[in-house]
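The values are calculated or read from the model by the stated rules, or taken from the named source; none is laboratory data. Not measured: the values here are computed from a predicted model. Note that we place each Cβ from the backbone using ideal geometry, even for glycine, and neighbour counts take in every protein chain shown. Protein only, heavy atoms only, side chains kept; ligands, DNA and RNA dropped before computing areas. Shrake-Rupley method; radii C 1.70, N 1.55, O 1.52, S 1.80 Å.
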2 protein chains.
Amino acid sequence: MSTKEVPYKIYLTEDEMPKAWYNLRADMKVKPAPLMHPGTHQPLKAEELTPIFCDELVQQELDETTPFIEIPEEIRNFYKMYRPSPLVRAYCLEQKLGTPAKIYYKFEGNNTSGSHKLNSAIAQAYYAKKQGLKGVTTETGAGQWGTALSMACAYFGLDCKVYMVKVSYEQKPFRREVMRTYGASVVPSPSETTEVGKKILAEHPGTTGSLGCAISEAVEVATKNPGYRYVLGSVLNQVLLHQSVIGLETKTALDKYGIKPDIIIGCAGGGSNLGGLIAPFMGEKLRGEADYRIIAVEPASCPSFTRGTFAYDFCDTGMICPLAKMYTLGSSFIPSANHAGGLRFHGMSTTLSQLYHDGFMEATSVEQTSVFEAAEMFARIEGILPAPESSHAIRVAIDEALKCKETGEEKTIVFGLTGTGYFDLVAYQKYNDGEMSDYIPTDEEIAASVAKLPKVD
Amino acid sequence: MSTKEVPYKIYLTEDEMPKAWYNLRADMKVKPAPLMHPGTHQPLKAEELTPIFCDELVQQELDETTPFIEIPEEIRNFYKMYRPSPLVRAYCLEQKLGTPAKIYYKFEGNNTSGSHKLNSAIAQAYYAKKQGLKGVTTETGAGQWGTALSMACAYFGLDCKVYMVKVSYEQKPFRREVMRTYGASVVPSPSETTEVGKKILAEHPGTTGSLGCAISEAVEVATKNPGYRYVLGSVLNQVLLHQSVIGLETKTALDKYGIKPDIIIGCAGGGSNLGGLIAPFMGEKLRGEADYRIIAVEPASCPSFTRGTFAYDFCDTGMICPLAKMYTLGSSFIPSANHAGGLRFHGMSTTLSQLYHDGFMEATSVEQTSVFEAAEMFARIEGILPAPESSHAIRVAIDEALKCKETGEEKTIVFGLTGTGYFDLVAYQKYNDGEMSDYIPTDEEIAASVAKLPKVD
């Protein structure tokens, strides 16, 4: 345990920042199942992926054996602008809870995109630039990923086309303006700019769009325009690789003070933050060097781990993307309209799915009113207005700390505070006005979408 | 000049953080003129101020001789949650500009209130709590101060009543929700909750409010309710004292790397950020130990320093507050409706006014389209979306760096980046859409409001 007095915030020096990403798959005895072609049901080869993704990112996607992959200097220089992110000792929260537990959080919200998404956005933009591309396309829902990518593209002088789910485009005009300020073109999806968009608009004239539809449009534009590729902010192995910078910094910061965590907690949508935060700790666990309780927290309204099925499924609602073996609620599952914020993906990272399947981590789900209760408490005590997504981890960290209060155990809890809630104030307003409700899908609803899973031998 | 290689961000350790605020007035040979009673025109005594302000803050307001005032431990602990703020070397901006100048900025936006205002809010809330008060009242316009005070009051368990200018209340619902999340009651001003509000509403039924009116309501509530006091986020000497933490951290960070700035630049509305940033440097200048160019930047639409008069005037538009000797455009001056963001105060800190009058600093004004041009450039290169207020300093820092490019001089420029622009995206949208314009008041307009200055012997 701690030998030196721990400051409120542990910052690494530039010398202590990671020089390589950690590829968790290298230490997994049972590797995640490969992505499969949706038509042939054969594992996808590099040459089938390079028309969609940048060459070097395809290599990273498929690399299961190299444990450390060097972070190019250009990316490290960009990281230096907003990283290292602080590892914060939540002294005030501990005191308020009256817990003997020691609580730490890794805060990834101190950058204009407002979340950890920038860690992978800058990497993906760099490799696109290096390949001599003109630009990239992507989709965005809540807007954190689109904002991060816009910033990354502005830095490298790349064109950035963002397909933003129409309902978010209209309800989150400020997210849109941040992206425009960074020079991105933001198109409400579905749009008249693509064939698939025109088709959907003809069939459903009043539609407010979906993530699946936005993905389809972004992929179409990337593949039809020479010099463009498609990029994605979660789920993929390459994204978890880039996000390992979160966990590597966290581990170095803890090691500096001789701290060994007992419990590591992260929210889970597609798995980008959780996979990054836990990477080096899970590595130790896989190699038998240390043991940690690792907890994924998901919304009760979209419970992939806790109520989903471990099977091959489409990554997108539009069923045009590759098949991935993961915990899934079925690609036709759509969370209740009352669900605020992100973490609304029906599936999960294949790497995290395999680890959960093999018993290396736990998962739990929480209802959103209790999440916002934790968010408000945290904001008042620790002075940071958290994103709704991050607040899932806060909820469980508080619950675990309160268990320690009962048992008297001095456990060390580390959780990921992925971002800030400045663009989520419509949801906060609902909570402040007592108008927020919970929704838990019925077994029948989940069974109905799981029944539509593709048949794979 | 620099001896060690300077990292992208210089963070102080907790041990290096200031333990006392620096009271610049102690080193001024010519002290700022005292506040005067608006009726008797006599200098205000402590006992006349204590019904409005907390006792210990009144002492700080009137103390012209004590150079260092200890920061209470409770405040230092709160500071540790979001401070030290980074002093950032703008390597990327320097490279983009192709300037030999070295540019640094002190970034105060890494906290949920989004600006430096929290530095004084937490101090004022602490002294209110220490005095055993129930709560505090204040006004807010753009909302940074109200948000900061809400956070501070939540931390100390104080009631917080914020009178928010009605037009901002309606146009900035997200600012309002952050304050509510921190437990503050936010009332659109003018309101039916005060006598002065009722009177104004009866006379001007459709009014969208003004800062002056909100001040009047907040002061009325503070003085009529036992256990309440009024607090203010700028202009006052006590506020400059608390904000000296910005400059003290900046100086310590520069000293660590042997860096001596040539030019120090800050935006100026009421003077809270500028007065805090320059404090220790101005102290050296006043004591003849060093010399610096110090530049205040104000909007061309509200040019107190550059086109105002050095005279006694009311601090508020409602003319109920004390008289202060300052550079003023006249308390009836209202900036053009097209002016975005803060920095719209007609007057200026008395301390800064005296220093400017005595030739210890320069002032310049900039037009808002050129400010947003600098803001967008900065966002894209340095990865931080700046507040419109802060962007005034960015504009002049860039201009000075470009002058160095012409002359080849390797000057060291330090500027204050007071906050982030997440709640200013209506203004960014105007700029992105090419709909932003400039307005410079005519000599006649300024002469008309200056003509209404109170007659003081």
Inset, instruction - For the stretch A:384-398, state whether one or more residues are surrounded by 14 or more Cβ atoms within 10 Å (Cβ to Cβ), at pLDDT 95 or above and of a type in the set (K, R). - result: yes
Inset, instruction - Go through the stretch B:397-422 and give me each residue that's more than 14 Å from chain A (Cβ to nearest Cβ), in contact with a Ser or Thr (Cβ under 8 Å, 6 or more places away or on another chain) and either under 16 Å from B:G98 (Cα atoms) or of a type in the set (S, T, N, Q) (or both). - result: B:A401, B:L402, B:C404, B:K405, B:T418
Inset, instruction - Taking only the stretch A:421-445 into account, find how many residues are assigned to a helix (DSSP H, G or I) and over 22 Å from the mean Cα position of the chain (by Cα). - result: 7
Inset, instruction - Identify all residues within the stretch A:295-348 that are aromatic (F, W, Y) and over 16 Å from A:A142 (Cα atoms); write none if there are none. - result: A:F305, A:F310, A:Y312, A:F314, A:Y327, A:F333
Legend entry - Filter result (within 14 Å of chain B (Cβ to nearest Cβ) and either among the hydroxyl-bearing types (S, T, Y) or in contact with a Ser or Thr (Cβ under 7 Å, 6 or more places away or on another chain) (or both)) within the stretch A:387-396: A:A387, A:S390, A:S391
Legend entry - Identity of the residue in the stretch B:1-47, part of a loop (DSSP other than H, G, I, E, B), aliphatic (A, V, I, L, M) and open to solvent by 30 Å² or more (accessible area, probe 1.4 Å), that ends up farthest from the other protein chains (Cβ to nearest Cβ): B:V30
Inset, instruction - Would you confirm whether any residue within the stretch A:366-373 is among the hydroxyl-bearing types (S, T, Y) and away from every other protein chain (no Cβ under 14 Å)? - result: yes
Legend entry - Selection status of A:A337, open to solvent by 10 Å² or more (accessible area, probe 1.4 Å), without any contact (Cβ under 8 Å) to a residue 40 or more places away in the chain and of a type in the set (A, V, I, L, M): yes
Inset, instruction - List the strands (runs of 3 or more DSSP E) that sit entirely inside the stretch A:225-313 and contain at least 1 residues that are closer than 25 Å to A:T65 by Cβ and open to solvent by 10 Å² or more (accessible area, probe 1.4 Å). - result: A:228-230
Inset, instruction - Of the numbered conditions (1) of a type outside the set (V, I, T); (2) open to solvent by 40 Å² or more (accessible area, probe 1.4 Å); (3) under 21 Å from the mean Cα position of the chain (by Cα), A:K198 fails exactly one; give the number of that condition. - result: (3)
Inset, instruction - Could you tell me whether A:S85 is within 14 Å of another protein chain (Cβ to nearest Cβ), surrounded by 18 or more Cβ atoms within 10 Å (Cβ to Cβ) and in contact with a strand residue (DSSP E or B) (Cβ under 6 Å, 6 or more places away or on another chain)? - result: yes
Inset, instruction - Look at A:L425 and say whether it is within 14 Å of another protein chain (Cβ to nearest Cβ), open to solvent by less than 20 Å² (accessible area, probe 1.4 Å), modelled with pLDDT under 95 and touching a helix residue (DSSP H, G or I) at 6+ places or on another chain (Cβ under 7 Å). - result: yes
Inset, instruction - Might you check whether a residue that is free of Cβ contacts under 8 Å to residues at least 40 places away in the same chain, within 14 Å of chain B (Cβ to nearest Cβ) and either closer than 30 Å to A:G39 by Cα or open to solvent by less than 70 Å² (accessible area, probe 1.4 Å) (or both) occurs anywhere in the stretch A:438-448? - result: no
Inset, instruction - At least 2 residues that are touching a Leu at 6+ places or on another chain (Cβ under 8 Å), of a type in the set (S, T, N, Q) and within 14 Å of another protein chain (Cβ to nearest Cβ) in each: list the strands (runs of 3 or more DSSP E) lying fully within the stretch B:89-200 that qualify. - result: none
Inset, instruction - Return the total of residues in the stretch A:399-422 being over 22 Å from B:A154 (Cβ atoms), open to solvent by less than 20 Å² (accessible area, probe 1.4 Å) and in contact with a helix residue (DSSP H, G or I) (Cβ under 7 Å, 6 or more places away or on another chain). - result: 4
Inset, instruction - Only helices (runs of 4 or more DSSP H) wholly contained in the stretch B:325-420 count here; list those with 2 or more residues that are among the charged types (D, E, K, R), more than 19 Å from the chain's Cα centre (by Cα) and within 26 Å of B:W145 (Cβ to Cβ). - result: B:368-382
